[in-house]
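The structure appears right after this line, and notes come after that.
The values are calculated or read from the model by the stated rules, or taken from the named source; none is laboratory data. If you're wondering where the values come from, they're calculated on a predicted model, not measured in any experiment. Cβ coordinates were reconstructed from backbone atoms using ideal geometry, including for glycine residues, and neighbour counts include every protein chain displayed. SASA here: full protein model, heavy atoms, side chains in, ligands and nucleic acids out. Shrake-Rupley method; radii C 1.70, N 1.55, O 1.52, S 1.80 Å.
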Amino acid sequence: MKKLLMGNEAIAYGALEAGVQVVTGYPGTPSSEIFTTLAGMAGERGFHAEWSVNEKVALEVAAGAAYAGARAMVTMKQVGLNVAADPLMTLAYIGVKGGLVLVVADDPGPHSSQNEQDTRKFAQFAKLPVLDPSTPQEAKDMTRAAFDISESLGLPVIIRPTTRTCHVCQDVEVDEKQMERPKPGGFQKDPGWVIFPSLAIKRHRWLNQQQDEMQKIFENSPFNKIHPGSRRSGIVTTGVAYNYVLEVIEQMQLDIPVLKIGTSYPLPVHSTLQFLDGIDRVLVIEEQEPVLEDQLIKMIWQHRRPLVLRGKYNRLVPREGELDVDKVKRAVAAFFEIDLPCKEEKKLPPLPVRPPVLCAGCPHRASFYAFKQAARGTDAVFTGDIGCYTLGNMAPLNAVDTCLCMGASITLGTGLQLVEPERRVVAFLGDSTFFHTGIPGLINAVHNGARLTVVVLDNRTTAMTGHQSHPGLTRNATGQRVEPLEIARLAEACGAGLVQVVDPLAYDEAVQAAREALEFQGVSVLVMRRECIALVKGQNPSRRIDREKCLDCGVCLEELGCPALFKGEEGPVIGTACTGCDLCKQICPAEAIVEGGEVQ
Ligand code: SF4
Ligand code: SF4
């Protein structure tokens with residue numbers, strides 16, 4: 001039957017059809033919906049699904065299940081693969097028994113990531129096969145096939161959709177029946193599971209041989225297709241770029257051959273050579289890094305083909321950002337020396353400037369503001385982390401001075417403090433990030449005698465990626481009740497000398513707690529706990545400004561940056577986005593902010 005599915009949902013259905021038995025992951029855009037779709041089915045369909053504390057843990061749990069013969073899948077975004085890189089690189093040597101599929105969603109653009117790294121490069125580095133879907137239907141089919149490929153090679157297989165494939169919708173042919181899988185055979189003890197250097201030498205040889213096996217499987221893969229054409233110049237493409245190529249050649253009415261490679265590493269050499277038999281010039285169009293292009297250059301050199309090859313190295317195809325139809329059209333026109341008609345420049349009205357901002361009523365605003373007040377007059381550095389609270393760097397808060405990767409607020413802060421021991425350092429990170437990679441950094445800071453304040457912005461959810469669970473909450477990914485882990489107790493167990501929990505919206509107490517934390521001669525941890533406003537929005541009546549009392553001092557407007565507050569003709573105005581958090585009320589020197597605005 002056909003079902004309208006987003007690419008990520010289609011991947012989930014592919015796993016279901018393949019009879020997946022264990023699913024793990026860590027949330028990250030653009031991958032998150034793959035796991036949430038599967039988690040929603042897990043109870044009824046009888047498989048295990050868990051949000052793990054980070055990607056390394058997720059991969060290791062899935063690998064354990066695959067060692068015991070189960071089919072397992074791991075989901076993450078491209079930067080998450082860096083966290084999982086340690087087990088991945090050796091897992092390629094050890095191999096798996098049950099099928100193990102990693103879905104790593106890439107974010108070219110990037111829309112919500114700290115870099116644009118291309119997972120196909122990682123696949124090459126780890127010497128693992130990678131499939132590059134161009135549509136939701138193909139993403140589903142590839143996922144299903146990936147389990148079989150993994151089992152036949154005894155290796156993990158990577159599926160690498162990019163943002164558009166993850167989030168576009170299409171009618172997808174699905175078989176809602178879950179594949180009946182035999183009960184996993186269980187873990188068989190064998191020296192082959194223990195990676196001693198002597199084994200690594202043997203398995204590296206085996207892994208290199210497997211490259212040829214992968215190539216053989218991919219030679220006949222249905223995910224590689226040829227569109228015939230009469231010209232002696234053609235295009236090789238992959239992933240979502242394939243759709244743009246088809247649209248462009250139709251628009252430009254070009255009768256050219258196109259080779260679409262769905263198995264982007266390793267390149268199926270023989271079928272690619274067959275395609276190139278009738279061709280003198282080839283243009284390679286792919287999103288992100290020149291992965292296909294590099295393999296084609298090598299293949300052309302090895303097989304002494306006198307071909308002209310163009311792509312990213314000639315700057316015909318951009319190497320940064322997402323591709324789209326216009327970019328592909330410009331590349332195709334340049335390659336075929338076709339003059340594109342100059343588009344008439346339409347004068348569009350300027351768009352309103354909408355900088356990203358913390359939500360109205362966001363408790364993180366109160367936490368940042370309390371620390372800015374407590375550190376006033378000092379030259380404190382505020383290190384930040386990955387999450388919606390990175391927006392604390394926007395004016396007027398200006399409370400995030402660094403942001404590198406998950407968990408780096410504490411460790412970067414520790415390093416800064418080594419060079420400037422007298423300078424106060426405050427490391428901000430979220431509750432989910434604390435569990436992800438914050439804890440080792442905290443232990444390291446304590447063990448090495450750092451002087452640092454760690455602020456856990458505990459909003460009781462993983463907000464940025466869509467409110468997923470984490471170990472501090474009372475429900476897990478499949479909705480089961482679980483015992484929550486208390487961050488403050490964990491911080492004490494890690495050895496932090498001063499640990500306090502405070503509500504950031506209790507302004508005076510929050511500032512007082514921030515002062516105490518800043519004055520502490522060691523590692524202090526302040527857990528600033530208040531539910532994310534997106535979870536409780538609408539419960540509080542909004543506020544208004546009493547014109548009689550307002551001094552028009554501008555404090556509320558200029559210091560908080562709440563998007564519900566704006567400048568009106570007679571002074572500040574509170575709009576309907578107000579959630580009634582009362583932060584502005586607490587800092588107003590004239591008590592001019594009162595209850596009674598429009599209720600949302
Ligand atoms: S802080 Fe209070 S007095 Fe100052 S502008 Fe805002 S509402 Fe008016
Ligand atoms: S009470 Fe003040 S700070 Fe809170 S959401 Fe409303 S306007 Fe913004």
On Cα atoms only, tilt of 197-219 relative to the major axis of the chain in degrees: 60
Amide proton proximity set for residue 525, modelled H, under 5 Å, gap of 5+: 454, 498, 499, 500
Mean separation of Cα contacts under 8 Å (at least 6 apart) over the residue count of the chain, i.e. the relative contact order in percent, is 11
What is the angle, in °, between the Cα long axis of helix 507-519 and the longest principal axis of the Cα atoms in the chain? Nearest 10 is fine, range 0 to 90. 80
³J(HN,Hα) across the stretch 10-22 via Karplus (A = 6.51, B = -1.76, C = 1.60, θ = phi - 60°), whole Hz, x for Gly/Pro? 4, 4, 4, 5, x, 5, 4, 4, 7, x, 4, 10, 9
So if each residue of separation counts as 0.36 nm, and I subtract the Cα-Cα distance between residue 353 and residue 573, what length gain in nm does that give? 77.3 nm
Of 448, 392, 426, whose Cα points farthest to the positive end of the dipole of the stretch 363-529 (charges on the beta-carbon: +1 Lys, Arg; -1 Asp, Glu; origin at the Cα centre)? 392
Rg followed by Dmax, in Å, when the stretch 543-595 is reduced to its Cα trace: 9.5, 24
Using all Cα-Cα distances in the stretch 363-529, what percent lands in each 10 angstrom bin from 0 up to the longest? 11, 44, 36, 8, 1
Bins of 5 Å from zero: percent of alpha-carbon pairs in the stretch 11-61: 5, 23, 32, 26, 13, 1
Take the cross-link list 56/77; 77/260; 77/216 and give me the ones stretching past 21 Å between alpha-carbons. 77/260; 77/216
Could you state how much accessible area residue 410 has, in square angstrom rounded to the nearest 10, with a 1.4 Å probe and all protein chains kept in place? 0
Over the stretch 224-336, one equal point on each Cα, no solvent: what is log10 I(q)/I(0) by the Debye formula at q = 0.11 Å⁻¹? -0.29
Sequence-distant or interchain residues sharing an amide H contact under 5 Å with residue 25, placed H: which? 50, 52, 75
Step by step: find N for the stretch 2-220, compute 2.2 N^0.38 Å, then divide the Cα radius of gyration by it. What's the final number? 0.94
Pairing the Cα long axis of helix 136-153 with the longest principal axis of the chain, what angle in degrees results, from 0 to 90 and rounded to the nearest 10? 70
When the expected Rg is taken as 2.2 N^0.38 Å, what fraction or multiple of it is the alpha-carbon Rg of the stretch 463-589? 1.34
Working from the alpha-carbon coordinates of the chain, get Rg over Rh, Rh being the Kirkwood radius. 1.02
Using only Cα atoms, what Kirkwood radius does the stretch 386-457 have, in angstroms? 12.2
How much accessible surface does residue 173 have with a 1.4 Å probe, in Å² rounded to 10? 80
The chain - mean residue ellipticity at 222 nm from DSSP helices (-39,500 (n - 2.57) per run, n ≥ 4, rounded to 500): -11000 deg cm²/dmol
Ordered by residue, what ³J(HN,Hα) values in Hz, to whole numbers, does the stretch 565-581 give under the Karplus form 6.51 cos²θ - 1.76 cosθ + 1.60, where θ = phi - 60° and Gly and Pro are x? 9, 9, 8, x, 5, 9, x, x, 10, 9, x, 6, 6, 4, 10, x, 6
Measuring from label point to label point, each 7 Å out along Cα→Cβ, what is the residue 344 to residue 590 span in nm? 5.4
Excluding residues fewer than 8 places away in the same chain, name every one of the lysines whose C-alpha is closer than 19 Å to that of residue 343. 327, 329
Hey, what do the phi angles of the stretch 527-533 turn into as Karplus ³J(HN,Hα) couplings, whole Hz, using 6.51/-1.76/1.60 and θ = phi - 60°, x for Gly and Pro? 8, 9, 10, 6, 4, 3, 5
Excluding ligands and nucleic acids, what accessible area in Å² is computed for residue 230 using a 1.4 Å probe, to the nearest 10? 90
Please give the peptides 182-192, 35-45, 524-534 ranked by average Cβ packing (other Cβ atoms within 10 Å per residue), highest first, as a rough proxy for protection. 524-534, 35-45, 182-192
For residue 289, list long-range residues whose amide hydrogen, built 1.01 Å from N in the peptide plane, is under 5 Å from its own amide hydrogen. none
Can you list the lysines whose alpha carbon sits under 18 Å from that of residue 183, skipping same-chain ones fewer than 8 residues off? 97
